[in-house]
Each structure stands twice: as C-alpha cells, then as structure tokens.
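In what follows, a single structure is set out as structure tokens and then discussed.
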Amino acid sequence: MRRQIPLLLCFVAGTFMAVQYFIPHHAVQDAHDRLLGWLQILLAFAFLLGTVSLIRIHYHKIRNRAPDRGYSFVTLVGLLGMIGLGFFHGSHIQPGSPFDIIFQNVQVPIEATMFSLLAFYIASAAFRAFRARTLEATLLLVAACIVMLGRVPIGDLLHRGIPALTHWILNVPNLAAKRGIMIGVGLGMMSTALKIVLGIERAWMGGSE
C-alpha cells in the first residue's frame, strides 16, 4: 500500500491536469486553481526540506572534520546569516540595508564570476568543434565565422551582404534546427510524464521497482 497510494495519487493528479485543458467548465477550472494552490504549499515545504538537508550535510562535514569543512562553515554562516537578516531586519528589501549590501557585494559578484567562466568553456568547446576535419565540421566553421562577422561592425565594413547572410542563417537553418530540438524535447517530456503517470517510471519514489 505504501507504493500503490502514491502511484494512484500521481495517476489521478496527472490525468486531471492533462484532461482539464479540454474541459472548459468553471468547476474544472476551480479545481485546477485549487490544485495549483496546493502545489505552492508543497513547493514551500520542498524548499524547507532542502534547507534542512543542506544544513545537516554541512553540519556533519564540520562535525566529522572533513578536509573541505571550511567551505561548509562559510555556507552555513551565509545561509543562516541571510535568513536571519531576512526575518529580523524589517527593511531588508530596501537599497542600502544589510541584506541588500551583502547580496549586491557578495552574491552578485559570485554569480558574475561563475557566468564569466562559461566564456572559457565555450571557447574551448568551439576550438574542438570547429576543426574542419569533416564536411559537417567545415559547414559549422563557415557558418560560425559568418554569424560572428555579421554581429560586429567589421562585418558590414567587409561586405554589406554579411549581415543579411547572418540574418538568413539565424532565421532559416538555425531556426529549423532549433524547432526540431524543441519538438524532440517536448516529445521527451511527454513520454517521461506518461511513464510517471502510468507508473512505469518509479524512480521518483526512491526505487526502481
């Protein structure tokens, strides 16, 4: 029964959320809105569970004197400090408040640093992918060079047709490939949802059986 009840609830909820799009009745829409409200409550408890799990993991690292316990200490201090400022400092959302100062001077630079590292990974991946070893790699290299030239002023100075060719590449072959990828992603999401609703995929219950 411990597995049958969650599977039944998942089947009923999943089937209702799929069918309600085809039933334009106010009672069905009211039930849909109520389920979305319950979902927000579940998300709030999920955030709470994730916070408790994060605290337990890093607390055990500090207690067991793990080699990287310094990072765990910083994580806990930052987490509890920001939670404390958010709860007990009434004007934490105002500019110049302690919460805003820490967020703007710690969180924002860290995010900017992490995103700036992506440029080096992209450059490394482009160097490996743009080697003209095959016909496909050569076409990718030529198209990438045209698009990059068409996106900077020097491309228009070299030839006025480069920006127009860049626009065509982005809106015809690139858009067609993008739509194909999105269709594949959508089909994958649908098949995964059906497997979960029908009880074929049970990994979300903590096991494969």
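Rule-based calculations on the coordinates, nothing more; no lab input. Everything numeric in this text was worked out from a predicted model, so none of it was measured. No Cβ is skipped: glycine too gets one built from the backbone with ideal geometry, and neighbour counts run over all protein chains shown.
The structure shown yields volume of the Cα convex hull per residue in Å³, and of the options (i) 300; (ii) 147; (iii) 288 that calculated value carries the label (i).
The simple Förster model, with R0 at 25 Å and r as the Cβ-Cβ distance, assigns residue 52 and residue 77 a FRET efficiency of 0.90. Of the DSSP H helices in the chain, those with a Cα length along their own long axis of 20 Å or more and a mean Kyte-Doolittle hydropathy reaching 0.5 comprise 4-19, 26-63, 69-88, 108-129, 135-150, 173-197. Compared with the direct C-alpha span, the chain from residue 139 to residue 157 gains 4.1 nm at full extension, assuming 0.36 nm per residue.
Can you compute the charge dipole magnitude of the chain about its Cα centre, using +1 on each Lys and Arg Cβ and -1 on each Asp and Glu Cβ, nothing else charged? Give it in debye, rounded to the nearest 20. Roughly 660 debye for the chain. Sites listed here are chymotrypsin sites (Phe, Trp or Tyr not before Pro) in the stretch 10-48 whose DSSP assignment is loop and whose Cβ has at most 15 other Cβ atoms within 10 Å, and the list is empty. As a ratio to 2.2 N^0.38 Å, the alpha-carbon radius of gyration computed for the stretch 1-88 takes the value 1.69. Ranking 32, 114, 127 by Cα position along the charge dipole of the chain, where only Lys, Arg, Asp and Glu carry charges on their C-beta atoms, puts 127 farthest toward the positive end. What is the sum of charges, Lys and Arg at +1 and Asp and Glu at -1, for the other residues whose Cβ falls under 13 Å from the Cβ of residue 69? Result for the neighbourhood of residue 69: +2.
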